[in-house]
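The next block holds one structure in the form of structure tokens; read it before the comments.
The values are calculated or read from the model by the stated rules, or taken from the named source; none is laboratory data. Worth saying up front: this structure is predicted, and the values here are computed from it rather than measured. As a convention, Cβ positions derive from the backbone with ideal geometry for all residues, glycine included, and neighbour counts pool all protein chains shown.
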Amino acid sequence: MHKTRYALISVYDKTGITELATHLEIAGYTVIATGNTYKFLKSAGIAKLKKIEEITGFPEILDGRVKTLHPAVFGGILSVRENENHRDDLIKNGIIPIDFVVVNLYPFKEMKDKDITFDEKLEFIDIGGVSLLRAAAKNFKDVTVVIDPSFYEDIILLLKNKQEIPVEVKKIYAYETFKLTAEYDGMIADFLNPDKNAGSVMDAAFYQNENGKELNFKLKKSFNLRYGENPHQKAAFYETGASSPFEKLSGKDISYNNLLDIDSILAIIKDFDGNKTNGFFSAIVKHTNPCGAALSGISLKDAFIRARKTDEISSYGGIIGFNKKLDEETAAEIKPFFVEIILAPEYSKEALKILESKKNTIIIRYNNDFIHSNQERLYFRSASGGILVQEKDDIPDDTSSFKTVTVVKMHEQILNDLIFAWKIAKHVKSNAIVYAKDGATAGIGAGQMSRIDSAVFAREKMKNAFGEIKEFVMASDGFFPFKDSVEYASEIGVNGIIQPGGSIRDDEVIEAANKFNIPMIFTNIRHFKH
């Protein structure tokens with residue numbers, strides 16, 4: 001290594017940069033640095049140090065927006081060392097080769113979700129840094145590109161041993177660089193067009209390449225899990241790039257199954273958003289299926305009690321979610337019961353104190369912005385050696401498009417119960433049947449092989465909870481292939497049915513509903529959860 005080599009350093013995150021610059025200096029490199037990086041390294045005692053202006057002959061302008069975008073910089077990075085024409089161009093124009101580019105980017109991911117103005121967020125879109133990285137990565141055979149402090153240790157070890165950086169290592173760094181810049185650009189695209197690409201690097205990769213042949217994205221490991229669905233399965237959680245939907249306040253470590261249940265209950269709460277729903281809402285989930293849900297105009301405690309009543313046995317060890325701030329009264333009602341997880345947008349101090357005494361219960365505060373937004377529009381699932389990708393079934397239903405298809409009509413309370421039951425059925429594994437009365441679930445049938453089986457199973461659940469009741473509504477996530485479900489509904493006291501419609505036997509089903517004087521709504525949209 002000769003003494004005339006140069007390394008360009010421009011970093012937002014200064015972690016470990018002094019040590020790296022010191023070892024570059026010892027190895028014979030002169031460090032070129034921008035603005036704040038120059039000041040930082042100067043104060044740290046780096047002697048072989050030049051300001052970027054000394055290389056470009058041009059000052060930083062536009063409040064730092066333009067400082068490295070100059071031929072003297074990019075010529076030094078992009079020149080192919082073995083190309084005679086390139087060498088002549090460098091000599092003719094007085095450009096020095098740059099063999100190291102150490103850059104990390106403005107933290108746009110963190111800043112885009114902060115409570116600052118749109119224009120302030122724009123200032124955290126890195127232009128020069130991304131350009132430097134891409135140039136260095138393209139010319140990786142001659143230039144070492146370093147994007148993260150986690151790479152510094154390996155670089156320092158090679159410098160100490162007076163070794164060249166192997167081209168195989170440079171190629172890996174180049175690969176990591178292009179993955180990083182693709183993710184970075186994807187986040188910016190999402191930010192500027194939130195209605196299409198909403199917050200997730202996976203979403204951005206899909207929508208930007210939906211007509212292409214490849215889907216590339218980078219996920220960052222958040223943490224390892226105790227195990228997967230079973231103790232013999234390894235598991236970990238990787239972040240998608242969207243803002244975190246929740247924060248754990250207390251309790252044991254979150255498991256693989258916990259995360260699936262959390263995802264399920266957040267999806268349900270989103271349909272009963274506390275800012276949009278007139279009333280208190282509580283839902284209880286077990287193995288990703290709702291086993292009880294209720295709206296209340298009285299209190300959150302009342303909503304919880306009514307939700308639990310649907311299936312008290314299944315509610316044991318369940319996951320409870322709420323759409324509004326959890327108060328002391330509700331916390332006191334929950335305390336005697338075994339609960340795996342509790343989710344709410346906020347907690348009163350008194351409520352949190354009560355619930356934190358349940359050491360094995362995970363207490364979670366979810367992010368209301370996540371509930372209100374359209375983040376993470378895609379659902380990914382592995383299957384048969386590949387990945388299935390689909391848009392999430394989370395668009396709000398347009399109830400104005402629902403159509404009453406029977407001659408017999410319904411009064412307002414039945415209509416409200418039908419819409420409530422329909423919202424819950426959307427989150428129940430198919431085949432799904434939900435019975436509801438007065439804004440609360442009465443019985444839920446999930447995952448049966450036939451729809452009539454789900455109807456019978458939900459009826460048994462309802463009898464166990466309430467005994468013999470009459471005048472309740474029925475929701476089905478899919479159409480009725482035969483009239484048998486309507487005939488069964490008439491036998492058990494159903495006074496309203498809501499279903500997608502679309503069966504070749506719709507006319508027979510409607511005729512049966514009219515015959516038994518049961519009003520029926522077609523939603524013209526299906527909500528299977530397979």
For this session: Sort through Asn495, Asn517, Asn464 and tell me the only one that's on the phi > 0 side of the Ramachandran plot and among the polar types (S, T, N, Q).
Result: Asn517
Exercise. Any residue in segment 57-64 that is more than 36 Å from the chain's Cα centre (by Cα) and crowded, with 18+ Cβ neighbours inside 10 Å?
Worked result: no
Exercise. What are the pairs, 6+ residues apart or on separate chains, where a residue within segment 391-419 that is on the phi < 0 side of the Ramachandran plot has its Cβ under 6 Å from a residue that is at pLDDT 95 or above and among the small types (Gly, Ala, Ser)?
Worked result: Thr406/Ala513; Met410/Gly496; Ile414/Gly496; Asp417/Ala436; Leu418/Gly496
Seminar exercise, completed: Considering only strands (runs of 3 or more DSSP E) wholly within segment 231-340, the ones with at least 1 residues that are in contact (Cβ under 8 Å) with a residue 40 or more places away in the chain, out of contact with any Gly (no Cβ under 9 Å at 6 or more places or on another chain) and aromatic (Phe, Trp, Tyr) are 246-250
Seminar exercise, completed: Within segment 357-371, residues among the acidic types (Asp, Glu) and either modelled with pLDDT of 95 or more or more than 27 Å from the chain's Cα centre (by Cα) (or both) come out as none
Exercise. Can you name the number of the only condition in (1) touching a residue at least 40 places away in the same chain (Cβ under 8 Å); (2) more than 30 Å from Glu460 (Cα to Cα) that Ser357 fails?
Worked result: (1)
Exercise. So which residues in segment 1-22 are surrounded by fewer than 17 Cβ atoms within 10 Å (Cβ to Cβ) and under 43 Å from the mean Cα position of the chain (by Cα), if there are any at all?
Worked result: Tyr12, Asp13, Lys14, Thr15, Gly16, Thr18, Glu19
Exercise. Under 26 Å from Lys162 (Cβ atoms) and either in the same structural domain as Gly128 (by TED's automatic domain parsing) or of a type in the set (A, V, I, L, M, F, W, C) (or both): does that describe Lys114?
Worked result: no
Exercise. From the residues in segment 217-262 that are closer than 28 Å to Lys353 by Cβ, charged (D, E, K, R) and surrounded by fewer than 17 Cβ atoms within 10 Å (Cβ to Cβ), which one is modelled with the lowest pLDDT?
Worked result: Arg226
For this session: Hey, can you tell me all the residues within segment 383-403 that are closer than 12 Å to Ile525 by Cα and either assigned to a helix (DSSP H, G or I) or among the basic types (Lys, Arg) (or both)?
Result: Thr399, Ser401, Lys403
For this session: For Leu388, work out the one condition from (1) closer than 16 Å to Leu266 by Cβ; (2) in contact with a Lys or Arg (Cβ under 8 Å, 6 or more places away or on another chain) it doesn't fulfil.
Result: (1)
Seminar exercise, completed: Being modelled with pLDDT under 95, surrounded by fewer than 18 Cβ atoms within 10 Å (Cβ to Cβ), within 25 Å of Leu300 (Cα to Cα) and not assigned by TED's automatic domain parsing to the domain that holds Phe272 narrows Glu391, Glu412 down to just Glu412
